[in-house]
Amino acid sequence: MSMEGFTAMGLSRPVLAALSNMGFEEPTPIQTEAIPLALSGRDLIGQAQTGTGKTAAFAVPLVEKIRLDAYDIQGIVVTPTRELAVQVAEELNKIGMTRGVRALPIYGGQDINRQIRALRNRYQIIVGTPGRLLDHLRRRTIRLHGISMVVLDEADEMLNMGFIEDIETILQQVPEQRQTMLFSATMPRPIQELAQRFMQDPQLIMVRAKELTVPSTEQYYLEVQERQKFDVLCRLLDIQSPEMAIVFGRTKRRVAELSEALSERGYAAEGIHGDLTQAQRDTVMRHFREGDTEILVATDVAARGLDITGVTHVYNFDVPQDPEGYVHRIGRTGRLGRPGLAVTFVTPREIDHLKVIEHITKRRIVRRPVPTISEAMEGQQKVAMERLLQAVEAGEFDHYKRLAKDLLEENDSVSLVAASLKLLAKETSSAPVQLTEEAPVRVKRFKKPLPQMEPPRRDRNWRGRGGSGARRPRP
């Protein structure tokens, strides 16, 4: 396996070995730019969304720069959700395993006493959500005096979730002589102001806008009435037979009703939303990753930070509230260049809102006709035929040949094959389903994203980390 791109960065043998074991071959654009810059000690801002390889872009330099002889926590990663905290910690532990670097996820919803006991062990990196990190800081169960590296991951999501003040409180308790890395899919003004206050001459690394819209994902929309959505979704599932699909709903109620309705129709579906306990969320995600569940129904908030590989289809059952939400949703499929499909259901009153999304993302979303019931039946028949042919090619049916001969003595071959196809076809229930209607998204004005964000500049009114305008030496 070629590792030339990573080898050229001067990474240590343990880290190169870990990356190779994880299946990395060549660095992505964000990794190519961010890793050498971070290794040099520079503060950096990476404008990149989930799916571009940004986690490794900061995880690799974090692991490389950890001092193995130091006892204190040296690195901290702040994430918006518990799921992302767990996934980032997992990747850090995989990359750091051969070097002896360990990361611990800290998040709400888990017994804090259990976390306190875990913190007594030696972890060089903490990955946590803002609220739970603050809780530990107040209890003095986490001390940040030894921190030399800070990462803010998905900063715009933390802003949207109301965590910006918590982040500022955390950063104020971190030593001034540190390296700070900030990653965000978008760069709204409050994030730029955060960078101005708490970063020193950060270098901007920007993924082009066309990459932010995930060009490897085929995108189209269907114009449907609210009451038609569910039946149309079932038709699409029957026609496309996705291996792993995520269906996005706007509210927790929508997700709960939709996942239950899909299950009643015979689909392997489960829902994930904010009212589930952490144990329930973990179970749902395990079923989805292991293939026991084919369809994950989720709200935007619940899906933030879910790093799931292998998703083939995304269905926007409800139009997202904003263009950034649309980008995040379709970013679940077509990951790292793999092809994917994203279908959006749009009611007639939401067409103008879709045009706003097209304008902001600079990507035309084509319209397609609503599939018919007969097309759905043909889709299931095609899948059944493919399954039968695959079984024939596999050839593992010797024990059934005698039964087949007996059946052929009393029945014609065409009837037997037709009956076999009928049994293989996934004939879902046509029982009527009643979903609570959701009001259409109201069109609102969105600010145009900055075509390119200049690195934050100091002026005479700029105040640094500690409130002083004086320039501090780098460590």
Q | Counted residues, region 238-279 - those being touching a Leu at 6+ places or on another chain (Cβ under 8 Å), closer than 13 Å to Y315 by Cα and assigned to a helix (DSSP H, G or I) | A | 2
Q) E154 passes all but one of (1) within 21 Å of the chain's Cα centre (by Cα); (2) loosely packed, with under 14 Cβ neighbours inside 10 Å; (3) among the charged types (D, E, K, R); which number fails? A) (2)
Q) So which of A8, A38, A34, A18 ends up being in contact with a helix residue (DSSP H, G or I) (Cβ under 6 Å, 6 or more places away or on another chain) and more than 30 Å from R197 (Cβ to Cβ)? A) A18
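Conditions (1) in the same structural domain as V86 (by TED's automatic domain parsing); (2) free of Cβ contacts under 8 Å to residues at least 60 places away in the same chain; (3) more than 16 Å from the chain's Cα centre (by Cα), marked per residue:
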site	(1), (2), (3)
I239	no, no, yes
F248	no, no, no
R254	no, no, yes
A261	no, no, yes
G266	no, no, yes
D275	no, yes, yes
D282	no, yes, no
H287	no, yes, yes
(Q) For region 96-116, give me each residue that is touching a residue at least 24 places away in the same chain (Cβ under 8 Å) and part of a loop (DSSP other than H, G, I, E, B). (A) G100, V101, Y107, G108, G109, Q110
Q: Could you check how many residues of region 171-188 are under 20 Å from P61 (Cβ atoms) and either among the aliphatic types (A, V, I, L, M) or assigned to a strand (DSSP E or B) (or both)?
A: 8
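What are the residues in region 189-213 that are assigned to a loop (DSSP other than H, G, I, E, B), under 22 Å from G53 (Cα atoms) and at pLDDT 90 or above, if any?
P202 - this is the single residue of region 189-213 that is assigned to a loop (DSSP other than H, G, I, E, B), under 22 Å from G53 (Cα atoms) and at pLDDT 90 or above.
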Q: Check whether at least one residue in region 83-95 is within 27 Å of G131 (Cβ to Cβ), in a loop (DSSP other than H, G, I, E, B) and at pLDDT 95 or above, and report yes or no.
A: no
Q: Answer yes or no: is there a residue in region 175-195 that is at negative phi, over 25 Å from the mean Cα position of the chain (by Cα) and buried (at least 16 other Cβ atoms within 10 Å of the Cβ).
A: yes
Q) Give me the pairs: first residue in region 154-168 and over 11 Å from V78 (Cα atoms), second residue polar (S, T, N, Q) and not in a helix (DSSP H, G or I), beta-carbon distance under 6 Å, and six or more apart or on different chains, which are they? A) D156/S184; D156/T186
Q) So which residues in region 30-66 are without any contact (Cβ under 8 Å) to a residue 40 or more places away in the chain and either assigned to a loop (DSSP other than H, G, I, E, B) or basic (K, R) (or both), if there are any at all? A) S40
(Q) Considering only residues that are in contact (Cβ under 8 Å) with a residue 60 or more places away in the chain and either of a type in the set (S, T, Y) or surrounded by 15 or more Cβ atoms within 10 Å (Cβ to Cβ) (or both), which ones fall in region 1-29? (A) S12, P14, V15, A17, A18, L19, T28, P29
Q | Candidates Q179, Q173, filtered to the one that is at pLDDT 95 or above and more than 29 Å from I351 (Cα to Cα) | A | Q179
Q. Could you say whether any residue in region 214-230 is at pLDDT below 90, under 25 Å from Y326 (Cβ atoms) and among the charged types (D, E, K, R)?
A. yes
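Answer yes or no: is there a residue in region 369-392 that is assigned to a loop (DSSP other than H, G, I, E, B), modelled with pLDDT under 85, surrounded by 14 or more Cβ atoms within 10 Å (Cβ to Cβ) and of a type in the set (K, R).
No, the conditions are met nowhere in region 369-392.
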Q) How many of the residues making up region 316-363 are at pLDDT 85 or above, over 16 Å from the mean Cα position of the chain (by Cα) and either of a type in the set (K, R) or assigned to a strand (DSSP E or B) (or both)? A) 6
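The values are calculated or read from the model by the stated rules, or taken from the named source; none is laboratory data. Please read all numbers here as calculations on a predicted model, not as lab measurements. Every residue, glycine among them, receives a Cβ derived from its backbone with ideal geometry; neighbour counts consider all protein chains shown.
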